[in-house]
Amino acid sequence: MAPFQPSPPTLKNSSFNTRLRIFAQEIERVLETILPASASRLHEAMRYSVLGGGKRLRAYLVWESSQFFSVAPTQALRAAAAVELIQAYSLVHDDLPCMDNSDLRRGKPSCHIAFEDATAVLVGDALIPLAFQVLSTLEAPAEIRLKLIEELGHVIGCQGLVAGQMMDLGLEGTRATLEDLSIQEYYKTGIFFGFAAESGAILGEASPQQREALRSYGILLGKAFQMMDDWFDGWGTAENLGKPCGQDTLKVTYLNHLGPDNLYTKAKAIVAQAIESLDVFDHKAASLREVAFFILQRD
Ligand code: GRG
């Protein structure tokens, strides 16, 4: 197959990339204050897994959507940090030998390689309640905190991320259809993105219509993200992605169903749909539109 160009220069937006990187530093600072810092092996492994890497894309969605509704910056950042704790847990567990068995994550040895399997399991176990603790102590009315906790519990639990991961395991070695894949990806990736985008609206006590618009945007973004993740797994390099590539060659993926050109075209169409969901916010949503383009060209 001829190499396919994933990054049309017209989509490159270096000012957005810079903004995302600066935001990532800000989130890192907040995470530093949230994570326990004793010399215990568990705490050390938690910090190793959460800090010093990651695009912080889901956190950025929380931040940007919070800006629509003038949420206090400290509260938006803490909610965004909670999302990143969950993201880190899911990656630590996904890398384990009994899951995706991946030795490299964010350009460094996966948690179970740097420490060992049992510690990596416990790191994930500890990050989940820490995320809920952060949400429960936000400076926001109790019903808002409760809503965030309820929604997060839903999207990462047995009808969300964990269910999606279970489906993923079940699809290995099968002739899964595109529809199977799409359902699995909705649970594993889409609804967590949906939560990230919607959480600013929850924090800002937005209308149901505004919440729904942001959730739809996030879910569609998650779908395009997963598609491009498959694309990069087939065509990227470990050096620029910070994780092994070509891991999914034996798995059913969007890439082997659709082929690279078709996949990219479909991902672009989904990004366009995601952007359409933001119509209700008019010019306020410029930055979230940029995130959608970033999905197609991340480096
Ligand atoms: C273990 C319950 C459980 C779930 C794991 C996160 C996940 C589910 C699997 C990771 C494997 C994968 C390719 C998932 C789909 C795309 C994805 C979520 C990639 C990782 O997210 P990025 O690229 O990572 O945003 P960073 O490092 O930037 O945070």
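Would you be able to say whether some residue in the stretch 127-136 is within 11 Å of the ligand (Cβ to nearest atom), open to solvent by 30 Å² or more (accessible area, probe 1.4 Å) and aliphatic (A, V, I, L, M)? Full working, then the answer.
Filtering the stretch 127-136 for residues within 11 Å of the ligand (Cβ to nearest atom) gives 128.
In the following step, the residues that additionally are open to solvent by 30 Å² or more (accessible area, probe 1.4 Å) were identified as 128.
With the extra rule that they be aliphatic (A, V, I, L, M), the set shrinks to 128.
Checking the stretch 127-136: at least one residue is within 11 Å of the ligand (Cβ to nearest atom), open to solvent by 30 Å² or more (accessible area, probe 1.4 Å) and aliphatic (A, V, I, L, M).
Look at SER90 and say whether it is out of contact with any strand residue (DSSP E or B) (no Cβ under 8 Å at 6 or more places or on another chain) and free of Cβ contacts under 8 Å to residues at least 12 places away in the same chain. Don't jump to the end; show me each part of the working.
Details: out of contact with any strand residue (DSSP E or B) (no Cβ under 8 Å at 6 or more places or on another chain): yes; free of Cβ contacts under 8 Å to residues at least 12 places away in the same chain: no.
For SER90, the condition - out of contact with any strand residue (DSSP E or B) (no Cβ under 8 Å at 6 or more places or on another chain) and free of Cβ contacts under 8 Å to residues at least 12 places away in the same chain - is not met.
Does LEU31 satisfy the condition of being open to solvent by 50 Å² or more (accessible area, probe 1.4 Å), more than 11 Å from the ligand (Cβ to nearest atom) and touching a residue at least 24 places away in the same chain (Cβ under 8 Å)? Outline the logic, then answer.
Details: open to solvent by 50 Å² or more (accessible area, probe 1.4 Å): no; more than 11 Å from the ligand (Cβ to nearest atom): yes; touching a residue at least 24 places away in the same chain (Cβ under 8 Å): yes.
Answer is no for this residue.
Are there any pairs with C-beta distances below 6 angstrom linking a residue in the stretch 280-299 that is more than 14 Å from PHE225 (Cα to Cα) to a residue that is within 14 Å of the ligand (Cβ to nearest atom), with the two at least 6 apart or on different chains, and if so which?
none
Conditions: (1) within 14 Å of the ligand (Cβ to nearest atom); (2) open to solvent by less than 10 Å² (accessible area, probe 1.4 Å); (3) of a type outside the set (A, V, I, L, M). GLU198 meets all but one. Number of the miss?
For GLU198, the failing item is (1).
Name the single residue, out of those in the stretch 53-62 being open to solvent by less than 50 Å² (accessible area, probe 1.4 Å) and not β-branched (Val, Ile, Thr), that is farthest from ARG289 (Cα to Cα). Spell out the reasoning first.
Taking the stretch 53-62 as the starting set, the residues that turn out to be open to solvent by less than 50 Å² (accessible area, probe 1.4 Å) are 53-54, 56-62.
So of that shortlist, the ones also not β-branched (Val, Ile, Thr) come out as 53-54, 56-61.
Details: GLY53: 24, GLY54: 21, ARG56: 17, LEU57: 13, ARG58: 14, ALA59: 16, TYR60: 12, LEU61: 11 Å.
The extreme case among them is GLY53.
Restricting the search to the stretch 137-184, which residues are under 22 Å from ALA201 (Cα atoms), within 15 Å of the ligand (Cβ to nearest atom) and open to solvent by less than 70 Å² (accessible area, probe 1.4 Å)?
Once the filter is applied, which keeps residues that are under 22 Å from ALA201 (Cα atoms), within 15 Å of the ligand (Cβ to nearest atom) and open to solvent by less than 70 Å² (accessible area, probe 1.4 Å), the stretch 137-184 yields LEU152, GLY153, VAL155, ILE156, GLY157, GLY160, LEU161.
Out of the stretch 86-119, which residues are aliphatic (A, V, I, L, M), part of a helix (DSSP H, G or I) and within 11 Å of the ligand (Cβ to nearest atom)?
The initial filter retains those residues of the stretch 86-119 that are aliphatic (A, V, I, L, M), namely 86, 88, 91-92, 96, 99, 104, 113-114, 118.
In the following step, the residues that additionally are part of a helix (DSSP H, G or I) were identified as 86, 88, 91-92, 113-114, 118.
ILE86, ALA88, LEU91, VAL92, listed by residue number.
Test VAL71 against the criterion of being part of a loop (DSSP other than H, G, I, E, B), in contact (Cβ under 8 Å) with a residue 40 or more places away in the chain and surrounded by 21 or more Cβ atoms within 10 Å (Cβ to Cβ), and give yes or no.
Numbers: part of a loop (DSSP other than H, G, I, E, B): yes; in contact (Cβ under 8 Å) with a residue 40 or more places away in the chain: yes; surrounded by 21 or more Cβ atoms within 10 Å (Cβ to Cβ): yes.
Yes, satisfied.
Being surrounded by 17 or more Cβ atoms within 10 Å (Cβ to Cβ) and either over 21 Å from GLY153 (Cβ atoms) or of a type in the set (Gly, Ala, Ser) (or both) is the filter here, so list the residues in the stretch 107-126 that pass it.
Within the stretch 107-126, SER110, CYS111, HIS112, PHE115, THR119, ALA120, GLY124, ALA126 qualify.
Consider the stretch 274-299. How many of its residues are open to solvent by 70 Å² or more (accessible area, probe 1.4 Å), over 17 Å from the mean Cα position of the chain (by Cα) and within 24 Å of ARG56 (Cβ to Cβ)? Don't jump to the end; show me each part of the working.
At the first step, the residues of the stretch 274-299 found to be open to solvent by 70 Å² or more (accessible area, probe 1.4 Å) are 276, 279-280, 282-284, 293, 299.
This time we only want the ones that are over 17 Å from the mean Cα position of the chain (by Cα), so: 276, 279-280, 282-284.
With within 24 Å of ARG56 (Cβ to Cβ) added as a condition, the list becomes 284.
Here the count works out to 1.
Of the numbered conditions (1) without any contact (Cβ under 8 Å) to a residue 60 or more places away in the chain; (2) part of a helix (DSSP H, G or I), LEU127 fails exactly one; give the number of that condition.
Going through (1) without any contact (Cβ under 8 Å) to a residue 60 or more places away in the chain; (2) part of a helix (DSSP H, G or I) one by one, LEU127 breaks only (1).
The values are calculated or read from the model by the stated rules, or taken from the named source; none is laboratory data. A quick note: this is a predicted structure, and the numbers were derived from the prediction, not measured. Cβ sites come from the backbone with ideal geometry, for glycine too, and all protein chains shown count toward neighbours. When the accessible area is computed, the model is the full protein with side chains, heavy atoms only, and any ligands, DNA or RNA have been set aside. Shrake-Rupley method; radii C 1.70, N 1.55, O 1.52, S 1.80 Å.
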